[in-house]
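No lab work stands behind these numbers, since they all come straight from the coordinates. This structure is a prediction, so every number in the text was calculated from the model and none was measured. FYI the Cβ positions are ideal-geometry reconstructions off the backbone, even for glycines, and counts take in every protein chain you see.
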Amino acid sequence: VAFSKPTIEQFFLKACKPVNPLTFPPTIPLIDLSKPESKHLLVKACQDFGFFKVVNHGVPAKFINELESEAIKFFSSPLSVKQKAGPPSPFGYGSKNIGRNGDVGWVEYLLLDPKPEPESESDHRRLLSVFQEHPEDFRCVVDDYVTEVKKMACEILDLMADELKLEPKNVLSKLLMDEQSDSVFRVNYYPPCPEVREHEIDGGNLIGFGEHTDPQIISVLRSNNTSGLEISLRDGRWVSVPPDSDSFFINVGDSLQVMTNGRFKSIKHRVVANSKESRVSMIYFGGPPLNEKIAPLASLLETDEDSLYKEFTWFEYKNYAFNSALSHDRLGVFEKI
Ligand code: GA4
């Protein structure tokens, strides 16, 4: 075959072919909840990214602002006061140490039970006693916020189920609505980044919260206007998510990835604390009851399509997750070979 040298024009055309501007940087999918027809976009976002932003969400600004100001009040109090609300196992105040497997981040946080059980009441009294003046007010502010955010999470799960033609329609949301639903609420405070050069990543960014996927079904995040959140694309690139305090960010958890037999992706994300401003975020992690079997929904499987995953309950998965390091590829262990 004769080798024909490309002309200089052809060479440049090829070499300078612009990268598709949609792929870099990708635009974060935007879902307008006031338009129910956006359920198609919502499912597409779960398949392509496992992540999207929600506007017209219906959560009253009053609840959001009250929670944010209570959080700032708490995190601004003396360390000795905050420590009275610790340790964060399972609920309470934590600082720098994340989980029980040696992970650290430039972060302080509160882990809260979205619906405290009578048995955990003493834990809660200890936690609330920190809010010396009005402990019950703090609980009310959390309750108001969580109720609304949970409602939104269920609405989103119902839209997904509708678009995927799942039966019954509430097959996903009923897991969060269940009395026994094992959900968590987290408030994070990332103090302004001091001039410390340990725990550095990527030449200069301090890690606030290391890379991980969320083990539950769905996570609903809201932050103030300080940047820091990054999502990982499938090719390994990290993309910074522009903060938007008026919107919510949703991500697919490991359990939803399994329930959709891998159609939806549970997204790897992290927080870098490279800012001079403090970042405050609040996340509702919607999980199923502990005894719930996490398996692909039968109606989603094509004829002859097998589950990609071994059988397990949320209790088993959660146990495994909580005994693993933050960045561990937890779902990998449950994949069929
Ligand atoms: C990530 C999602 C939630 O924040 C969380 C986290 C939990 C914790 O902070 O204790 C874990 C982490 C999260 C997954 C792996 C384990 C457990 C820290 C960690 C190293 C509350 C959750 O449910 O899982």
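T27 to K174: extension gain in nm, 0.36 nm per residue of separation minus the Cα-Cα distance?
On the way: separation 147, 0.36 × 147 = 52.92 nm, distance 3.12 nm.
Extra length from T27 to K174 when fully extended: 49.8 nm.
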Added length on full extension, which subtracts the Cα-Cα distance from 0.36 nm per residue, S327 to E302: 5.8 nm
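With 19 Å as the cut-off, how large is the P(r) tail for region 224-337, expressed as percent of Cα-Cα pairs?
56
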Amide H within-cut-off set for F312, under 5 Å, with H built and near neighbours excluded: I294
Amide N of region 299-337 lying under 19 Å from the label point, which is placed 7 angstrom from the Cα of L290 along Cα→Cβ: 312-324
Distance violations [Cα-Cα > 25 Å] among K53/K96; K35/K169; K39/K310: K53/K96; K39/K310
Estimated distance in nm for a label pair at K35 and Q83, the labels positioned 7 Å out from Cα along Cα-to-Cβ: 5.3
